[in-house]
Amino acid sequence: MILLAALLFSLVLLLWGIGHLRGDLLTRGPVKLVLFPGLILDGLARTLSCLATATPVVGLSPWRDGTPFLIEGECTLQRLGVPLTTAFRLGTLYLGFSVAVLWMPEAMQLVPDPAFLGRSLEHSIGAFLTALLSAPFELLATGLVTWCLLAWLAVTVLAAGLRPRECGVAMLMGTAIVGVMEAAQWLGLRFGAFTNGWFLRRFYEAEAGRALVLMALVAAAVLATLTTMHLIPMLVQKIRPRPEPIPEDSEDHIISHF
């Protein structure tokens, strides 16, 4: 349970770091056009949130420069909109990774599940790090299809970067999930109703955990890539937020001749 909590909170922090370093990268027309397939899940989650909070959806902007992928109106229910948006976005992100794990079982078997990582951690720190860090290289060695799938997952993680308020909400949700599971374990509950269906029997332990571990690994790779881009002068201007235009009637716009 401790390892699961660490995975959840590490993932939230990684997504917050991605949202912080991403800048306005996803408002650039060529970038949106190239990454379009990976932005669909995040756009769908935001659309569901807009429908739930009666927020107007102005439209999609998959190639126009300077505008986000999904153009939203003003949300009048911020206290409801932020938690709903966070839950929908993280839910669709996890759904995408879950589908990937089920779609390519042979390749995704190389991703360790939390139970295996827990046993490795009990053995030694070296065994834990070996099991965790060797998984990406073993995955990439399985072929071109895996490369394309991981690239699509990386784009979905890039689109799902969290803002500070969303990060706080995600931390609260993660605490609630861990608290419910810990309380159930303490009470001796096995969630029998959740193990009877054919889908949940197939997707209860290892596959669900592998999806979470894979999310953390991909998020760490995306965060490392953004950090590297910030360290390269030629690329840093591509991801820094653009300065907002100064209105012509602004006092700061008037230049004194004296």
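If you take the square roots of the eigenvalues of the alpha-carbon gyration tensor of the stretch 2-240 and sort them as a ≥ b ≥ c, do you get rounded (a/c under 1.5), prolate (a/b over b/c) or oblate?
Taking the square roots of the gyration eigenvalues as a ≥ b ≥ c, the stretch 2-240 is oblate.
Between LEU33 and TRP63, what is the label-to-label distance in nm when each label sits 7 Å out along the Cα-to-Cβ direction?
For the pair LEU33/TRP63, the computed spacing is 0.5 nm.
Can you figure out the FRET efficiency of SER10 with LEU95, using R₀ = 22 Å and their beta-carbon distance, to the nearest 0.05? Spell out each step's value before the answer.
On the way: r = 20 Å, r/R0 = 0.90.
Taking R0 as 22 Å, the efficiency between SER10 and LEU95 is 0.65.
If you average the C-alpha positions of the stretch 92-137 and of the stretch 22-76 separately, how far apart do those two centres end up, in angstrom?
First find each Cα centre; the distance between them is then 31 Å.
Quick one: Karplus J couplings for the stretch 8-22, per residue in order, coefficients 6.51, -1.76, 1.60, θ = phi - 60°, nearest Hz, x for Gly and Pro?
So the Karplus estimates, Gly and Pro as x, are 4, 6, 5, 5, 4, 5, 5, 5, 5, x, 5, x, 6, 8, 5 Hz.
Which FRET efficiency value, to the nearest 0.05, do you get for ILE2 and GLN78 by plugging their Cβ-Cβ distance into 1/(1 + (r/R0)^6) with R0 = 41 Å?
With a Förster radius of 41 Å, E is 0.75.
Using modelled amide H (1.01 Å from N, peptide plane; none on Pro or chain starts), what sits under 5 Å from the amide H of ASP113, excluding residues fewer than 5 places away?
Under 5 Å from the amide H of ASP113 lies no amide H from a residue far enough along the sequence or on another chain.
What length, rounded to one decimal in nm, is gained on full extension from LEU102 through to TRP186, with 0.36 nm per residue of separation minus their alpha-carbon distance?
Full extension from LEU102 to TRP186 adds 27.2 nm.
How do 52-59, 19-26 rank on mean C-beta neighbours within 10 Å, highest first?
Going by the mean number of other Cβ atoms within 10 Å, highest first, we get 19-26, 52-59.
Coordinate-derived values only; no laboratory data. Since the model is a prediction, treat every value here as computed from it, not as a measurement. Using ideal geometry, Cβ is built from the backbone for each residue, glycine included, and neighbour counts are taken over all protein chains shown.
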